[in-house]
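First up is the structure itself, then whatever we jot down about it.
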Amino acid sequence: MQNDSYTITAIDLSVTKNCLKILSDISLSFKDKTLNTIIGLNGSGKSTLLKTFCNLEIPDSGSVFIKNREIKTLNRKEIAKTITFLPQNIVVSAPFKVKDIIFMSRFPYKKSFLSYSSEDTDAVVKAMELTNTLQFEKRDINSLSGGERQKVFLAAVLAQETPIILLDEPFNGLDIKATSEIVKILMNIKSEMNKTIIMALHDISMAKNISDTIIALSKGMLIFSKPAHEVTTEEIIRNVFEMEKIF
């Protein structure tokens, strides 16, 4: 059972794939309405950990609690109304319009084959306004730049209206301008919409500058979880990236 001030609590999570231990006995909690960053090398278990939080990855052992309810007791719609997960490198092969992509995120609220409700439309328009994507609503998603696409996917995340947002490397492949725009959106989401955000990153400076809490993983093990202001760059380089310094 978790404390009411915590949104997600993981207890002794372990995941094995193809006889390889991906996560080993991970226990940690995330406070409500905070921005949290999981940092580590490729293969450290960041993406797998995020997926256990939304039941896309089933652990060999251990439990995940969402506001005092064990996630395995929730059905798919209950999870989809609580947690949104934005994975890396989304590929959209069909020529969907931007607005259609964002409306798809309203599926958890859609009743049978009925058309979308006024509440659905309001949620989509609000999300597009917050992410400055209304200008793209009639564009083919694949005609947009990387930064523009990521803003569209963030709009879809917001339109799903969940209190918890999971982001896997949300700045991957973006230039400085696009990254700055996404950061501003995320900070607004946290402060104005009171969301809990948990994301996986490689960027040490970014993690330290925008996070409330930093969680460090190495080889599937939890190295630390503590307030960002208590974490030093040297500590991450040495204990997470296994280097003495960055040249």
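What is the P(r) of the chain, as percent of Cα-Cα pairs per 10 Å bin from 0?
7, 30, 36, 21, 5, 0
Starting from the 7 Å offset along Cα-to-Cβ, what nm value, one decimal, do you get for the label separation of K138 and I176?
3.6 nm
Beyond 20 Å between alpha-carbons counts as too far, so tell me which of K81/K195; K77/K190; K77/K184; K51/K110 fall in that bin.
K77/K190; K77/K184; K51/K110
Compactness ratio of segment 95-190: Cα Rg over 2.2 N^0.38 Å, N = residue count?
Working it through for segment 95-190, the quotient is 1.06.
Can you tell me what percent of all Cα-Cα pairs in segment 169-222 are more than 14 Å apart?
Counting every Cα pair in segment 169-222, those more than 14 Å apart make up 58 percent.
Rg and Dmax in Å for segment 96-146, alpha carbons only: what are they?
Taking only Cα atoms of segment 96-146, I get Rg and Dmax of 11.4, 34 Å.
Report the semi-axes of the equivalent ellipsoid for segment 1-113 in whole Å, largest first, where each axis is √(5λ) for an eigenvalue λ of the Cα gyration tensor.
Values: eigenvalues 139, 75, 39 Å².
That gives 26, 19, 14 Å for the three semi-axes.
Starting with the fewest neighbours, write out V91, V183 ranked by other beta-carbon atoms found within 10 Å of each beta-carbon.
Working: V91 5, V183 15.
Placing the least packed residue first, the sequence is V91, V183.
Quick one: order L86, L201, L23 by neighbouring beta-carbon count within 10 Å, fewest to most.
Exposure proxy ranking, most exposed first: L86, L201, L23.
Take the Cα atoms of segment 191-247, find their three principal axes, and give me the spread along each one in whole Å, biggest first.
39, 24, 18
Can you list residues whose amide H is under 5 Å from M199's amide H, if they're 5+ apart or on another chain and H is modeled 1.01 Å from N?
N36, T37, I38, L167
So what's the angle, to the nearest 10 degrees on a 0 to 90 scale, between helix 176-193 and the longest Cα principal axis of the chain?
Compared with the principal axis, the helix lies near 90 degrees.
No lab work stands behind these numbers, since they all come straight from the coordinates. As the structure is a computational prediction, the values presented were derived from the model and not from experiment. Because the Cβ atoms are built from the backbone with ideal geometry, glycine has one as well, and the counts that use them run over all protein chains shown.
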